[in-house]
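Colleague: This is the structure I want to talk about, given as structure tokens.
The values are calculated or read from the model by the stated rules, or taken from the named source; none is laboratory data. Quantities reported herein were computed from a predicted structural model and do not represent experimental measurements. Here the Cβ is made from the backbone with ideal geometry for all residues, glycine too, and neighbour counts use every protein chain on show.
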């Protein structure tokens, strides 16, 4: 029975790592400036964890094979437990140190570093079960948000008050996020009801959108194309269907698009 | 260590007469332990059926499940599960499994039955608290199940019940009216039950040990229940007020979790001043230790059972494993923020929470290496119990290693809320804990019901379950790497549609693995009435539960006051006359 168990364990281990090694199902290609750093961090963790996973399952299998039918005198681990404990602390400790240092750097570049002062500002409003995006318009100033004015029925998703608020009059509100490529983007995330999330796997970004808090999020897209923005925070019955599109255009295409929107 | 219990425990009550006092409102810790186990058994099969329904929906969203419309005409019209009913099933699955299975069975169930016996006591320190603890938990379970039968169905906010979805009332979605109220009341009651139980475990361990049962001679399972009780005392003392605040927000118009300016269905809500993140902090300050409430008893059970089937003490002896469990329990209170890397809290705190999260892998790794090292040079005996111990080591490794990814905020920004997380916590917390429960069941059931379980069926159960859990949960890692979001009722996004075949595979694996659990159920029921009678010590083990009859008499030791002379795992001691020395053996104390 020991040999059967050992072989089964080895087969399970090999089948488990095969799709990882061959990237059978894998992350889509990164399209953000910080994306390759995240991928690098994940790859390093994958190699270290993969070695630990395969080694420990194989050792378990090996011991079960060797001692499944062993009837001789009981043997104790040569050298006792102290070297094993020391080995574990040093090995895992070093792994933790390296992962923490490198990983914190990547995290800091995404969330702690200040956004580029020239970043393009886009305001995001999340609600059950849609995203809306707002551009400041020709005056470069966003109108104020008035929760009492928010009304999906008449399309006032942000609660703007154009009658009394000059800055709000030229604000552009659309249903998909259109941005220029290779330009720093600064989003301010608002939610009017539940906690939602702004997740674009290709951007390697995931950020909750919390009612009552205005959360800044900055990134730079490095490729043109069209990707899905999906909600990953359970927000109600239509959670699975809550999505919008991210359109990354060349600067000239973006300028044309913006002009078109202002003209409407 | 100082022996604090020179006086043997005095029994607090006499044997009860009549069915009700004997089996229903019993003060006997053994009956209460079996009651907890029975409740967990009922709960785990309900939770499993819920997961079948969820899995069927994820594989085949438009599938009509015959008869389901009779159970829930609104949630499954024509037998087809609606997206919101999927969320209800998911919420109930998580809540039932985490609270009523993973907390009840390994901690309250086995702990109640065996902690007093393993320390040589006749009962728990507070038998009446103990009875209240179970019946409060039982009422909590009924209140939760009642959510299936209220008009708008069970809540949809997940077992984590994040505000504001959970805190603004029925306006936020179906199930968020009465269903969510019942959820919050149920969990508050559950907390009370666990607090009573934890106090009892701690007092019994410290005060009711028999003569010679020093702390250093307590079996590792007792140590694990004791440490878990200490974790639970803090964790449930945090969740209870959190649930009360949630109930107040929902029913009394307070704004603990509700900020100003919320607009739902074009209605401006009258709240102001609350924070949805407060709920997350309160919840995860309980929620992360809860993971260890589920798994530390598993550590203890595996460490207790493994020596009996390797015929040698654990590598590193008692101290290393006790140290690991205490370190894990201590660190479990410093890591709650790793559930909140993307929540919008201060990004600096993510780094602060990441470091202790990674550090917690050190005691977990040491414990795993101690188990592995104990197999080296062993005379392995393959029984259903030992197979589940070995399986536990394998699945705990698989689940633990994915923690390296999620502990790093930069990687978590990609993997958070994907199936990678689902794979991680199911392996490390659910499957590992369930394997611990199965190992405990096959090991202790002969003592608990006095009959031997069928080993052939037990081993068949193990092989099917072991292969099954890898087929279910390993592919979820791949889904997560591909960005597959969890808690989706169906996959309509362009990038998710190609992943549906993987979901179908997982569904089939889940149905088959679930069906294999019927073998276990049959074995358990058959054993209870028709199994061969168990000897007092079928596994040739050493701790005090094997020094009494199977099952033990009402006062555990038939009026004897045991005196303990030996450490708990004296297997294959050099120069000893037998291959194991019972803890009660008055012979010379072994050299090591």
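Colleague: If we scan region A:94-102, do we find a residue that is part of a strand (DSSP E or B) and either under 30 Å from residue A:212 (Cα atoms) or out of contact with any helix residue (DSSP H, G or I) (no Cβ under 7 Å at 6 or more places or on another chain) (or both)?
Modeller: no
Colleague: In region B:248-261, which residues are surrounded by 18 or more Cβ atoms within 10 Å (Cβ to Cβ), within 31 Å of the chain's Cα centre (by Cα) and farther than 11 Å from residue B:169 by Cβ?
Modeller: Passing the criteria: B:256, B:257.
Colleague: Could you figure out which of (1) touching a strand residue (DSSP E or B) at 6+ places or on another chain (Cβ under 7 Å); (2) free of Cβ contacts under 8 Å to residues at least 40 places away in the same chain isn't true of residue B:352?
Modeller: Unmet for residue B:352, out of (1) touching a strand residue (DSSP E or B) at 6+ places or on another chain (Cβ under 7 Å); (2) free of Cβ contacts under 8 Å to residues at least 40 places away in the same chain: (1).
Colleague: Restricting to region A:206-219, and then to whatever is at the interface with chain B (Cβ under 7 Å from one of its Cβ atoms), surrounded by fewer than 24 Cβ atoms within 10 Å (Cβ to Cβ) and in contact with a helix residue (DSSP H, G or I) (Cβ under 8 Å, 6 or more places away or on another chain), can you tell me which residue is farthest from residue A:34 (Cα to Cα)?
Modeller: Residue satisfying both the conditions and the ranking: A:212.
Colleague: Shifting gears a bit: In region A:220-229, how many are more than 12 Å from chain B (Cβ to nearest Cβ) and either within 13 Å of residue A:123 (Cα to Cα) or surrounded by fewer than 19 Cβ atoms within 10 Å (Cβ to Cβ) (or both)?
Modeller: 4
Colleague: With a cut-off of at least 3 residues that are closer than 20 Å to residue B:110 by Cα, name the helices (runs of 4 or more DSSP H) lying wholly within region B:369-482.
Modeller: B:384-401, B:432-449
Residues checked against (1) in contact with a helix residue (DSSP H, G or I) (Cβ under 8 Å, 6 or more places away or on another chain); (2) more than 30 Å from residue B:556 (Cα to Cα); (3) not in a helix (DSSP H, G or I):
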residue	(1), (2), (3)
B:166	yes, yes, yes
B:171	no, yes, no
B:174	yes, yes, yes
B:182	yes, yes, no
B:185	yes, yes, no
B:188	yes, yes, no
B:192	yes, no, no
B:197	yes, no, no
B:202	yes, no, no
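Colleague: Among the residues of region A:91-132, how many are closer than 30 Å to residue B:363 by Cβ and either in contact with a strand residue (DSSP E or B) (Cβ under 7 Å, 6 or more places away or on another chain) or more than 10 Å from chain B (Cβ to nearest Cβ) (or both)?
Modeller: The total comes to 3.
Colleague: Further question on the same structure: Which residues, counting only those in region B:399-414, are more than 13 Å from residue A:39 (Cα to Cα) and more than 7 Å from every other protein chain (Cβ to nearest Cβ)?
Modeller: B:399, B:400, B:402, B:403, B:406, B:407, listed by residue number.
Colleague: Sticking with this one: Keeping to region B:472-498, report how many residues are at the interface with chain A (Cβ under 7 Å from one of its Cβ atoms) and closer than 21 Å to residue A:246 by Cα.
Modeller: 9
Colleague: To continue, here is another question. If you take the residues of region B:319-347 that are outside any helix (DSSP H, G or I) and more than 10 Å from chain A (Cβ to nearest Cβ), which of them is nearest to the chain's Cα centre (by Cα)?
Modeller: Only one residue fits best here, namely B:332.
Colleague: When you look at residue A:56, is it closer than 30 Å to residue B:414 by Cβ and either within 8 Å of chain B (Cβ to nearest Cβ) or crowded, with 20+ Cβ neighbours inside 10 Å (or both), yes or no?
Modeller: The answer is yes for residue A:56.
Colleague: Out of B:525, B:500, I need the residue that is under 26 Å from the mean Cα position of the chain (by Cα), at pLDDT 95 or above and not in a loop (DSSP other than H, G, I, E, B). Which one?
Modeller: Criteria check complete, one pass: B:525.
Colleague: Of (1) facing another protein chain (nearest Cβ under 7 Å); (2) in contact (Cβ under 8 Å) with a residue 40 or more places away in the chain; (3) not in a helix (DSSP H, G or I), residue A:64 satisfies all except one. Which?
Modeller: Every listed condition holds for residue A:64 apart from (3).
Colleague: So, one more: What number of residues within region A:1-47 are within 10 Å of chain B (Cβ to nearest Cβ) and not in a helix (DSSP H, G or I)?
Modeller: So the count comes out to 9.
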